[in-house]
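Step one of this worksheet: look at the structure below.
The values are calculated or read from the model by the stated rules, or taken from the named source; none is laboratory data. Just so we're clear, the structure is a prediction, and the values are computed from it rather than from any experiment. We place every Cβ from the backbone using ideal geometry, glycine too, and count neighbours over all the protein chains shown. Just so you know, the surface numbers come from the protein's heavy atoms only, side chains and all, with ligands and any DNA or RNA stripped out. Shrake-Rupley method; radii C 1.70, N 1.55, O 1.52, S 1.80 Å.
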Amino acid sequence: MIILDAAPNRADVKERLKIADIYLDIYPYSGMTSLIDPLKVGLPTVVLEGECSRSKKGASLLRSLQMFDLIASSEEAYIQLAIELGTNSELRQQKSAQIEQKMQENPRFMDSRAHSAQMGALFQELFQKYQTDTLNKNFRLRDINLIIFPDWNQSEDSLYQDLASVISTLVARPDQSHVTLLVDTTNISEEDADMALSSIVMNLMMSEDLDVDDGPEITLIGQLSEMQWEVLLPRIHSRIGLENENHEAIARVKATNLPCCELDNLPNISFLTS
């Protein structure tokens, strides 16, 4: 046995590894970056894969190189593989040549750009899922999600007529319990918009005897980020066209790409439910 002093730099580490015949990975806590250097110099590496995440890291590198036969699943197999490599120079040379060839092909764990791109895509996917779950919860999205962009600057009578027509039409639909109506609140405070809608719903319940207990769900949409709109828009089935709309808001959030249905046609349109 030869005990060496600590190497001052990575280049010295590689030179010392070149005089070895086999690299025995530590266990139960496998190495990760410490395995890169022996693999770079083509040193046959024996890894014991355990059950926990920390015990699988070294094995993941060898799997990436498709060197499956250097991964042991038990302590006995680990010892046996080490003995076999230690006593069989031809086998060592074969494995060394295979490792060198695989490492020259720039494996995934050595391609930092590709790995970074994959990690970036994964984080983006996770964040979009988080955004989707959050929007589903906060906006109470249902099987059918519709949106309107009222012009809140129009006269009170015109605004009432637009909103009352939409709500009464949706309440009359047999699938009202599956519908969420999203209402854009650009150019108005959410509090004022809520008061206006509450007043309209109350008047409809009293004057037209509408029962809104089963729906539709009405949700106000305030200021959303561009990314939030990108997540929300695919969940919206259609934009309901109003006589007086906020065209600037529609263009800004790119809702012009949504299918648009006119209010007169709304009772006859069949929306696909998920």
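Structure above, values below:
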| quantity | calculated |
| --- | --- |
| Count - residues of region 89-123 that are among the acidic types (Asp, Glu) and either in contact (Cβ under 8 Å) with a residue 60 or more places away in the chain or part of a helix (DSSP H, G or I) (or both) | 2 |
| Total residues in region 162-221, condition outside any helix (DSSP H, G or I), hydrophobic (A, V, I, L, M, F, W, C) and closer than 16 Å to residue 143 by Cβ | 4 |
| Residue list for region 99-110, filter: within 28 Å of residue 52 (Cα to Cα) and either touching a His at 6+ places or on another chain (Cβ under 8 Å) or surrounded by 13 or more Cβ atoms within 10 Å (Cβ to Cβ) (or both) | 99, 102, 103, 107, 108, 109, 110 |
| Meets criteria (over 34 Å from the mean Cα position of the chain (by Cα) and among the aliphatic types (A, V, I, L, M)) for residue 236 | no |
| Residue that is nearest to the chain's Cα centre (by Cα), among those in region 159-210 that are within 16 Å of residue 148 (Cα to Cα), buried (at least 16 other Cβ atoms within 10 Å of the Cβ) and charged (D, E, K, R) | 184 |
| Within region 1-47, tally of residues that are assigned to a loop (DSSP other than H, G, I, E, B), buried (at least 16 other Cβ atoms within 10 Å of the Cβ) and in contact (Cβ under 8 Å) with a residue 40 or more places away in the chain | 5 |
| Any hit, region 126-140, residues being outside any helix (DSSP H, G or I) and closer than 23 Å to residue 230 by Cα | yes |
| Qualifying residue in region 111-125 (condition: within 30 Å of residue 183 (Cβ to Cβ), at pLDDT below 95 and open to solvent by 90 Å² or more (accessible area, probe 1.4 Å)) | yes |
| Some residue of region 259-274 being closer than 18 Å to residue 136 by Cβ, within 29 Å of the chain's Cα centre (by Cα), in a helix (DSSP H, G or I) and among the aromatic types (Phe, Trp, Tyr) | no |
